[in-house]
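Student: Sharing a structure, written as structure tokens. Questions coming.
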Amino acid sequence: MTENHQLNPQQVLAHPTFFKLICGASFTDLPTIGPLVEAYLPAGISCIDIAPHPDVLTCVIKVFEAYQQVNPSAQLPALMVSLDLDGDPHFRKVAVKPEACIACGLCLPKCPTDALALDATLPEQLAVDLPKCYGCGRCVPVCPTDAFTWIPQTQLPEPLQAILSNPWVNAVELHTQALDFDSLRKCFEDCRQDFTGKLISLCFRPNEARSFKVWVDYLQAFEALVASVDGYPLLQIDGKPMSGSEEALASQPAIEGALQVLQHYKPQYPVTISGGINLNTPALVVTSTDAGFQQSTIWGVGVGTIARKKVAGLASESAMREATAFVESFFNTN
Ligand code: SF4
Ligand code: SF4
């Protein structure tokens, strides 16, 4: 490795704004991930978030190293690995029940990554390109025969330890759906050594089904555990996960969730938003907080599906230009 100019957690946190490229917690399609990361590196982003998969890590590191060789003084983003705490829907892929699929093809156009194709040679007739499936769920409700099932993407301890101890990995994101305290504590027990000194983000959605006290208790438990490993806490409030929506109000749930946390709890560390983030988000943040990201209580964004869409199919240089313009559009509202 040449001299490493990767942003460390303190440098990420010292920046007035935050932009995270989300490759996808279950997305493992290397031919897409490599060019995607390559496109966003020149945009000067804060962080890249990847699946806990050794091949994805190797792929991203190769792109980092190649970029650094051509641009020896360029600053590389923090590298974050997403982890499932308690059955979060970001960690799943679909499978098809052979006896149920009637090969109607209705699900095909719903898939944002072209992971589905009809193949008459297969018993189920529908082929799922598993690396391309990131569990968004858009194919499931259109199926007239209920042919889809879910395959959980469980992270295995041994490869996970190798991933987290890689020197490029200086950030993790913990995803919780159930706010299960035992899973949170166990994760820190299992990964104590590899979490030390890292940026540690908690991704969740404030859930009205749970009392205010439960998620405040959970946040306090999270903060104590991060402090116990000398880590740097961060919150990511998820609105409409994996929606890829370009609708004007798609990011409203994430913004409202973040404001709810900020108003009622006031964490002493940054709050970011994800899920439904698109080019309408900066204006919505201004409307909701009377400030753009630089002055707002909402520090920045994590963007997945729309960021991928922006550069899909473009030649390398055009993809880099598009990615840089896309990132800048989030922070020029002040
Ligand atoms: S629509 Fe979503 S869940 Fe279905 S195959 Fe495509 S990526 Fe996977
Ligand atoms: S919608 Fe259901 S039945 Fe139709 S091709 Fe897809 S999985 Fe098969």
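Student: If a residue has to be more than 26 Å from Asp84 (Cβ to Cβ), within 13 Å of ligand 1 (Cβ to nearest atom) and of a type in the set (A, V, I, L, M) to count, how many in segment 100-117 make the cut?
Tutor: Count: 3.
Student: Then there's this: Return the pair list, or none, for Cβ contacts closer than 6 Å from residues in segment 81-95 that are touching a residue at least 60 places away in the same chain (Cβ under 8 Å) and in a strand (DSSP E or B) to residues that are small (Gly, Ala, Ser) and within 16 Å of ligand 2 (Cβ to nearest atom), at least 6 apart or on different chains.
Tutor: Correct list of pairs: Arg92/Gly135; Lys93/Gly135.
Yes or no, residue by residue, for (1) surrounded by fewer than 16 Cβ atoms within 10 Å (Cβ to Cβ); (2) assigned by TED's automatic domain parsing to the domain that holds Leu13; (3) within 16 Å of ligand 1 (Cβ to nearest atom):
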residue: Cys136; (1), (2), (3): no, no, yes
residue: Gln161; (1), (2), (3): yes, yes, no
residue: Glu173; (1), (2), (3): no, yes, no
residue: Asp182; (1), (2), (3): yes, yes, no
residue: Cys187; (1), (2), (3): no, yes, no
residue: Gln193; (1), (2), (3): yes, yes, no
residue: Ile200; (1), (2), (3): no, yes, no
residue: Ala209; (1), (2), (3): yes, yes, no
residue: Val214; (1), (2), (3): yes, yes, no
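Student: Now, a different point. Give the residues of segment 189-215 that are in a loop (DSSP other than H, G, I, E, B) and either over 23 Å from the mean Cα position of the chain (by Cα) or on the phi < 0 side of the Ramachandran plot (or both), sorted by residue number.
Tutor: So the first thing to find is which residues in segment 189-215 are in a loop (DSSP other than H, G, I, E, B), and the list is 196-198, 205-211.
Hits for segment 189-215 are Thr196, Lys198, Arg205, Pro206, Asn207, Glu208, Ala209, Arg210, Ser211.
Student: Could you count how many residues in segment 69-80 are touching a Phe, Trp or Tyr at 6+ places or on another chain (Cβ under 9 Å) and either in a loop (DSSP other than H, G, I, E, B) or more than 18 Å from Ile33 (Cα to Cα) (or both)?
Tutor: Qualifying residue count, segment 69-80: 2.
Student: Which count do you get for residues in segment 252-292 that are among the β-branched types (Val, Ile, Thr) and surrounded by fewer than 17 Cβ atoms within 10 Å (Cβ to Cβ)? Talk me through it step by step, then tell me what you get.
Tutor: Taking segment 252-292 and keeping what is among the β-branched types (Val, Ile, Thr), we get 255, 261, 271-273, 277, 281, 285-287, 289.
Restricting the remaining residues to those that are surrounded by fewer than 17 Cβ atoms within 10 Å (Cβ to Cβ) gives 286-287.
Qualifying residue count for the region: 2.
Student: Going by the conditions given, is Ala66 surrounded by 13 or more Cβ atoms within 10 Å (Cβ to Cβ), within 16 Å of ligand 2 (Cβ to nearest atom) and not in a loop (DSSP other than H, G, I, E, B)? Step through it out loud before you land on a result.
Tutor: Numbers: surrounded by 13 or more Cβ atoms within 10 Å (Cβ to Cβ): yes; within 16 Å of ligand 2 (Cβ to nearest atom): no; not in a loop (DSSP other than H, G, I, E, B): yes.
No, not satisfied.
Student: What number of residues within segment 69-114 are over 30 Å from Ile45 (Cβ atoms) and surrounded by fewer than 17 Cβ atoms within 10 Å (Cβ to Cβ)? So that I can check it myself, show each step before the final result.
Tutor: Going residue by residue through segment 69-114, those that are over 30 Å from Ile45 (Cβ atoms) are 95-109.
Pick out the ones that are also surrounded by fewer than 17 Cβ atoms within 10 Å (Cβ to Cβ) and you get 95, 97-100, 102-106, 108-109.
So the count comes out to 12.
Student: Okay, moving on. In the list Ala78, Ala74, which residue meets the criterion of being away from ligand 2 (no atom under 15 Å from the Cβ) and in contact with a His (Cβ under 7 Å, 6 or more places away or on another chain)? Let's see the steps before the verdict.
Tutor: On the way: Ala78 fails: in contact with a His (Cβ under 7 Å, 6 or more places away or on another chain).
Just a single option satisfies the conditions, and that option is Ala74.
Student: Does Gly34 satisfy being within 30 Å of Cys136 (Cα to Cα) and part of a loop (DSSP other than H, G, I, E, B)?
Tutor: Details: within 30 Å of Cys136 (Cα to Cα): yes; part of a loop (DSSP other than H, G, I, E, B): no.
The answer is no for Gly34.
Student: When residues of segment 216-239 are filtered for being buried (at least 18 other Cβ atoms within 10 Å of the Cβ) and either among the small types (Gly, Ala, Ser) or at pLDDT below 85 (or both), how many remain?
Tutor: Counting residues in segment 216-239 that are buried (at least 18 other Cβ atoms within 10 Å of the Cβ) and either among the small types (Gly, Ala, Ser) or at pLDDT below 85 (or both) gives 2.
Student: Also: Please state which of the following conditions Ala127 fails to meet, knowing it meets all the rest: (1) farther than 25 Å from Leu174 by Cβ; (2) assigned to a loop (DSSP other than H, G, I, E, B); (3) among the small types (Gly, Ala, Ser); (4) within 16 Å of ligand 2 (Cβ to nearest atom).
Tutor: Of everything listed in (1) farther than 25 Å from Leu174 by Cβ; (2) assigned to a loop (DSSP other than H, G, I, E, B); (3) among the small types (Gly, Ala, Ser); (4) within 16 Å of ligand 2 (Cβ to nearest atom), Ala127 misses just condition (2).
Student: Here are Asn71, Asn4: which of them is polar (S, T, N, Q), over 25 Å from Thr154 (Cβ atoms) and not assigned by TED's automatic domain parsing to the domain that holds Pro233? Reasoning before the result, please.
Tutor: Numbers: Asn71 fails: not assigned by TED's automatic domain parsing to the domain that holds Pro233.
Within the list Asn71, Asn4, the selection yields Asn4.
Student: Let me ask something else. Where the second residue is assigned to a helix (DSSP H, G or I) and within 16 Å of ligand 1 (Cβ to nearest atom) and the first is assigned by TED's automatic domain parsing to the domain that holds Gly302 and of a type outside the set (Lys, Arg) and lies in segment 240-254, which pairs have Cβ atoms under 6 Å and are six or more apart or on separate chains?
Tutor: Cβ pairs passing all conditions: Gly244/Thr305.
The values are calculated or read from the model by the stated rules, or taken from the named source; none is laboratory data. Source: prediction; values computed, not measured. Counting neighbours? That spans all protein chains shown, and the Cβs are built from the backbone with ideal geometry, glycine included.
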